[in-house]
1. Determine the pairs where a residue that is outside any helix (DSSP H, G or I), located within segment 154-182, has a partner that is exposed (fewer than 14 other Cβ atoms within 10 Å of the Cβ) and modelled with pLDDT under 95 with Cβ atoms under 9 Å apart, the partner being 6 or more residues away or on another chain.
2. When you scan segment 43-70, how many residues do you find that are in contact (Cβ under 8 Å) with a residue 12 or more places away in the chain and under 26 Å from PRO151 (Cα atoms)?
3. Take ILE45 and decide whether it is surrounded by 15 or more Cβ atoms within 10 Å (Cβ to Cβ) and modelled with pLDDT under 90.
4. Pairs only if they're at least six apart or on different chains, beta carbon under 7 angstrom, first in segment 106-125 and more than 11 Å from LEU55 (Cβ to Cβ) and of a type in the set (Phe, Trp, Tyr), second modelled with pLDDT of 90 or more and assigned to a helix (DSSP H, G or I); list them, first residue then second.
5. Of the residues that sit in segment 94-106 and are buried (at least 18 other Cβ atoms within 10 Å of the Cβ) and among the small types (Gly, Ala, Ser), which one is farthest from VAL135 (Cα to Cα)?
6. Under 7 Å by Cβ, and 6 or more places apart or on different chains, what pairs join a residue from segment 79-94 that is in contact (Cβ under 8 Å) with a residue 12 or more places away in the chain with one that is assigned to a loop (DSSP other than H, G, I, E, B) and surrounded by fewer than 16 Cβ atoms within 10 Å (Cβ to Cβ)?
7. Does segment 77-89 include one or more residues that are surrounded by 21 or more Cβ atoms within 10 Å (Cβ to Cβ) and at pLDDT 90 or above?
8. Return the residue satisfying two criteria in turn: it lies in segment 107-125 and is surrounded by fewer than 16 Cβ atoms within 10 Å (Cβ to Cβ) and either modelled with pLDDT of 90 or more or aliphatic (A, V, I, L, M) (or both), and of such residues it is farthest from the chain's Cα centre (by Cα).
Amino acid sequence: MPWRDKQGGSSFLSYRRLTRIALWTAVGVVLAAVEHWLPSPLPWIRLGIANIAGLLALLGLGIGSAYMVSLLRVVLVGVLLGTLGTPAFLLSSGGAVGAVTVMALLSLVPSHIIGPVGLSVAGAWTHMTVQFTLVSLLVVRDPALFALAGPSLIAAVAAGTLVGWIVALLWRKLPARLVYLS
């Protein structure tokens with residue numbers, strides 16, 4: 001039974017949609033926690049495996065749900081890691097919003113043109129670009145910072161490819177009841 005708005009109409013947040021959003025948010029938080037404990041070649045470079053949940057939400061539930069999953073995940077991970085309100089949290093949220101926005105726009109292109117791997121690579125590239133932009137505007141106002149951009153963007157493309165590949169595999173294997181609202 002869907003939630004009702006004040007006029008008595010159905011809200012986009014049906015129980016099923018809300019349950020899927022909660023599920024994918026929880027999956028994203030668990031993956032982020034696992035990733036937090038994995039070794040990283042550089043402190044700011046991560047695989048981004050938590051983005052698997054957001055991309056699955058985008059593909060199965062739509063743009064609004066993908067934003068909710070990604071932002072809820074960032075906030076919950078910020079609370080769990082104690083980074084809520086810190087520059088790291090700002091960078092993470094800015095990157096998440098930028099990535100979901102680009103992936104949402106690209107998801108409007110037919111899937112045979114750009115699939116999960118393309119969406120994920122674009123999201124990873126955007127996430128890293130937004131983070132570098134925010135760091136250069138708010139933290140380090142030294143052009144030398146951008147010497148790190150090249151290797152970081154290469155790592156983002158590699159990580160985005162891996163995440164997109166995992167999503168493509170999961171998309172084919174997951175039961176429809178976990179992905180779609182039907």
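The values are calculated or read from the model by the stated rules, or taken from the named source; none is laboratory data. If you're wondering where the values come from, they're calculated on a predicted model, not measured in any experiment. Every residue, glycine as well, gets a Cβ built from its backbone with ideal geometry; the counts of neighbours run over all protein chains shown.
1. SER182/ALA176
2. Of the residues in that region, 13 qualify.
3. When the stated conditions are applied, ILE45 passes them.
4. Sorted first by the residue in segment 106-125, then by its partner, the pairs are TRP125/LEU153; TRP125/ALA156; TRP125/VAL157; TRP125/GLY160.
5. Only one residue fits best here, namely ALA99.
6. Hits for this filter: PRO87/VAL139.
7. For segment 77-89, residues surrounded by 21 or more Cβ atoms within 10 Å (Cβ to Cβ) and at pLDDT 90 or above: present.
8. The extreme case among them is ILE113.
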